[in-house]
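J.: My questions will all concern the structure given below.
What follows draws every value from the coordinates through simple rules; no lab data is involved. On a predicted model such as this, the values are computed, not experimentally measured, just so you know.
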Amino acid sequence: MKMLSMVFVVLLSVTVLRKKYSIIQYLSVGLIMAGLLFVTYIDVYGPTSLTSGSLAEDAAVASKHHKEKHSLIVGMLALLGGQFFHASHAILEEHILTRSAG
C-alpha cells in the first residue's frame, strides 16, 4: 500500500502542478493501481477457514471473521487517507518551492 502514495503524487501533480507525463508513465501507474486493487481484494475477500465441523463453531468463526473484515476495511481506509495526505504534502512542498524560486 505504500506505492499508493506514488499514484496520488502523479494524480495531484497533473491536476495541481499541471505536469505532463508520457504514456508509459501513465501505464506504469495503472499497473501499480491494478496490483494494489488485486492485493486489497484478496485481503478483504480471500479464502476463509470455516472448516471446524459444527454449525455453532462455524457461526462463531464467521462472526469473528466479519469483525476482522470490518477492521481490515477501516484500517485500509485510514491508510488510504494517510497516503493521500503524504502525497499532498509532497505536492504542496514542490508548489511552494517552485513558486518561491522564480
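J.: Please list the non-local residues whose amide H lies under 5 Å from the amide H of Lys19, H modeled 1.01 Å from N, same-chain partners needing a gap of 5 or more.
T.: HN-HN under 5 Å from Lys19: Val14.
J.: Ok, one more. So what are the ³J(HN,Hα) numbers for segment 77-88, from phi and the Karplus equation (6.51, -1.76, 1.60; θ = phi - 60°), rounded to whole Hz, Gly and Pro as x?
T.: Taking θ as phi minus 60°, the curve returns 5, 5, 5, 4, x, x, 5, 5, 5, 5, 5, 5 Hz for segment 77-88.
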